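Here is the structure we will look at.
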Amino acid sequence: MNRVTYYWNESSLRHDTGRHVECIARAERLHPDKMKAHVPGIEVRPIVRHDAAQWILRVHEAEHHQFVQEAYARGYRRLDESDTIISEGSYEAALMAVDAALTAADEVMSGECQAAFCAMRPPGHHALPFMSMGFCLFANAAILARYLQEKHGVRRIAIVDWDVHHGNGTQNVFWEDPDVFFVSLHQHPLWPGSGLEWEKGEGAGEGATLNLIFPPGAEESVYLSRFEHEVVPAVRNHGPEFLIISAGFDSHFRDVLGNLKLTEEGYIQLTHMLRRVAEEICGGRIVSLLEGGYNLSALESSVAAHLSALSV
Ligand SMILES: [Zn+2]
């Protein structure tokens, strides 16, 4: 039995995006009481405040952080020209999402738990250093990686992003970084359109970015096979000391934004594969962060499946 901690906070209920797919109801579905009913073994832990803004500035430009911080008071109701919507509680929710990731990192590094899941919103993997986009305010996974490096002396990290959309923000941050291996599996064509397989990083980071694309309707068996034969060996080859998962559940067959065919059983298999490689090479240290997932019942059951596979 693996000790798995779970982080959730009411701040996620105050990031009000109205009638949008990335909505408050997603956080309600992931309330700790619900998740403990599905997976009794998880341990719900409080989030420790970390001066998140300081760590956000390790990845984001100061002007961008300030814009997000002040946007609502200045009358903005969205942060981009599309639908990255904000409300009065959005900045605080975004800080808390970062704090959850940093708390999870501390507790995994100290050995209090082997793995952790942060069921927080807004998500992060589309946020660029200089702008918010795709429902993402700050790049939670990238900030977590920088925190692990600076605070905990971890050098080599792998980030595996199985959201149905390309993790363009995370890729951007580590494009020339040889220490942080970033792999994204996503549907193509699909917004944001980037993440083609020739995108492999540049300079010292060449080869430390891996993109796997799947056409709409791709079978789950194909996805799982490529994960096993391409993603797992690449992660092992990088030799990370810590594994981060950008866990989007919009690759589920019932999702409203994607057209892939993953099932709860598929998420269990993905999680088991990553757990095995993490146990082999980095003491099983995993922090998994919620990204997308917009069919509410599929989101709830998929997160439960992921947690059960992390814990058993
Ligand atoms: Zn997504």
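The values are calculated or read from the model by the stated rules, or taken from the named source; none is laboratory data. Computed from a predicted structure; not experimentally measured. So basically every Cβ, Gly included, is an ideal-geometry build from the backbone, and we count neighbours across all protein chains shown. When the accessible area is computed, the model is the full protein with side chains, heavy atoms only, and any ligands, DNA or RNA have been set aside. Shrake-Rupley method; radii C 1.70, N 1.55, O 1.52, S 1.80 Å.
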On a full-extension model of 0.36 nm per residue, what is the gain between K151 and S297, subtracting their alpha-carbon distance, rounded to one decimal in nm? 48.9 nm
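Of all beta bridges DSSP finds with both residues in the chain, what is the antiparallel percent, to the nearest 5?
10 percent
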Equivalent-ellipsoid semi-axes (√(5λ), Cα gyration tensor) for the range 4-311, whole Å, largest first? 25, 21, 21
Over the chain, what relative contact order in percent results from Cα pairs under 8 Å that are six or more residues apart? 20 percent
Farthest positive-ward along the chain dipole, Cα basis, beta-carbon charges - from G169, S302, H229: S302
Per residue, how much accessible area does the chain show when a 1.4 Å probe rolls over the protein heavy atoms, in square angstrom? 37 Å²
Candidates H125, H272, H252, ranked by Gaussian network fluctuation over the chain, Cα under 10 Å, top entry: H272
In deg cm²/dmol, rounded to the nearest 500, the helical mean residue ellipticity at 222 nm of the chain, built from -39500 (n - 2.57) for every DSSP H run of length 4 or more, is -11000 deg cm²/dmol
Sorted by average packing, counted as other Cβ atoms within 10 angstrom per residue and highest first, what order do 230-237, 21-28 take? 21-28, 230-237
Most to least packed among 99-108, 72-81, 57-66 [average Cβ atoms within 10 Å]: 99-108, 57-66, 72-81
Relative contact order %, the range 172-312, counting alpha carbon pairs below 8 Å whose residues are six or more apart: 22 percent
Provide the packing ranking of 184-193, 152-161, 197-206, i.e. peptides ordered by the mean count of other C-beta atoms within 10 Å per residue, highest first. 152-161, 184-193, 197-206
Taking all protein chains as present, what is the carbon and sulfur share of the accessible area of the range 4-311, in % to the nearest whole number, probe 1.4 Å? 50 percent
